[in-house]
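Asker: Got a structure for you, questions after.
No value in this document is a laboratory result; all are computed from the given coordinates. If you're wondering where the values come from, they're calculated on a predicted model, not measured in any experiment. Please note: Cβ atoms are built from the backbone with ideal geometry, for glycine as well, and neighbour counts cover all protein chains shown.
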């Protein structure tokens, strides 16, 4: 493989046909250029330049190498420039996913603020089902995802908490809990807890659907669901209960479900997630816009 300084020395000398001018363009000594070209010619096995005391010319092999190498070198430079623009710039498209109506409404406001700051960067908002959230993020289908926290994954960055809301328990309308104003987390020991899909991180599932109460009493494990509507349908049909955030009472009113406040449960928190290897300037700028948007709304 050619070293970068060898490629540059050859291409510039092929254009300048003068060792001194080549050295000036590359900010090295004339001796360094001569040594580099001699080394390259030994590797190729034939002269790349014909030299006299008065002039330097490309040899036939040198002309062919220049014709083959110059377009490839320009393509490498263009690819590097594109990577830099993607990593540091604010052009292109940013793809952001959410689950649930409240999450979508939040992202609309964040997107408006972000576009005002970076009009050359397009933002596409996509609704994901709960089972799709992490696969989309990890496979690169989206750049960011709005999700409930905590998420402790080695390849995922968690942004700051954007929203905290009270937790409620979705129960069937005929369940004894439906007649109560509040519940304790310890009450979960007497019900069957529906489960989040296993495509979500263990840290998220343990927070949303714990296996035991704070005192250590076991909680019965029920069926899992791939979508939120499926989860609510299972609740309404009496297959179990499921903890939700306070926003669900507004956006998902159903005749077969009652939402009861879990008075001693910690708040349900929401934040943005992105891959560690995709922490571009525009991803970080979108997260900054999200923080500014929710701060302004408080």
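Asker: Quick check: from the Cα gyration tensor, does the range 1-58 come out rounded (a/c under 1.5), prolate or oblate?
Answerer: Judged from the Cα gyration tensor, the range 1-58 comes out oblate (a/c at least 1.5, b/c at or above a/b).
Asker: So how tilted is helix 101-117 from the main axis of the chain? Cα-based, degrees 0 to 90, rounded to 10.
Answerer: Between helix and principal axis, roughly 30 degrees.
Asker: Follow-up. With runs of 4+ DSSP H residues as the only contributors, calculate the mean residue ellipticity of the chain at 222 nm using -39,500 (n - 2.57) per run, divided by the residue total and rounded to the nearest 500.
Answerer: The helix-only estimate for the chain comes to -13000 deg cm²/dmol at 222 nm.
Asker: Using 0.36 nm per residue of separation minus the Cα-Cα distance, give me the extension gain between residue 68 and residue 115 in nm, one decimal.
Answerer: That works out to 12.7 nm of additional length.
Asker: Still on this model: Taking only Cα atoms and a 10 Å spring cutoff, compute GNM fluctuations for the chain and point out the largest among 47, 214, 172.
Answerer: 47
Asker: Next up: Can you tell me the relative contact order of the chain? Whole percent, Cα pairs under 8 Å, sequence separation 6 or more.
Answerer: Normalised by residue count, the contact order of the chain is 22 percent.
Asker: Then there's this: Suppose we keep just the DSSP beta bridges with both residues in the chain; what percent of those would be antiparallel, to 5?
Answerer: 60
Asker: Which whole-number percent gives the relative contact order of the range 139-298, counting Cα pairs below 8 Å spaced six or more residues apart?
Answerer: 44
Asker: Using alpha carbons only, how many angstrom separate the centre of the range 147-212 from the centre of the range 46-62?
Answerer: With the range 147-212 and the range 46-62 each reduced to a Cα centre, they are spaced 75 Å.
Asker: What FRET efficiency, computed as 1/(1 + (r/R0)^6) with R0 = 45 Å and r the Cβ-Cβ distance, is obtained for residue 277 and residue 254, rounded to the nearest 0.05?
Answerer: 0.65
Asker: Restricting to the range 167-266, compute how many DSSP beta bridges are antiparallel as a %, nearest 5.
Answerer: Working: 10 of 16 bridges.
Around 60 percent antiparallel, to the nearest 5.
Asker: Using a Förster distance of 25 Å, how high is the FRET efficiency between residue 31 and residue 78, based on the Cβ-Cβ distance and rounded to 0.05?
Answerer: 0.20
Asker: Apply 1/(1 + (r/R0)^6) to the Cβ-Cβ distance of residue 59 and residue 155, taking R0 = 45 Å, and write down the FRET efficiency to the nearest 0.05.
Answerer: 0.35
Asker: Who wins for biggest fluctuation among 184, 34, 53 in a Gaussian network model of the chain, springs between alpha carbons below 10 Å?
Answerer: 53
Asker: Using a Gaussian network model of the chain with C-alpha springs under 10 Å, which one of 69, 272, 113 is most mobile by mean-square fluctuation?
Answerer: 69
Asker: Tilt of helix 281-296 relative to the longest C-alpha principal axis of the chain, in degrees (0 to 90, nearest 10)?
Answerer: 30
Asker: Sticking with this structure for a sec: Hey, what angle do you get for helix 60-88 against the long axis of the chain, alpha-carbon based, 0 to 90 degrees rounded to 10?
Answerer: Approximately 30 degrees, to the nearest 10.
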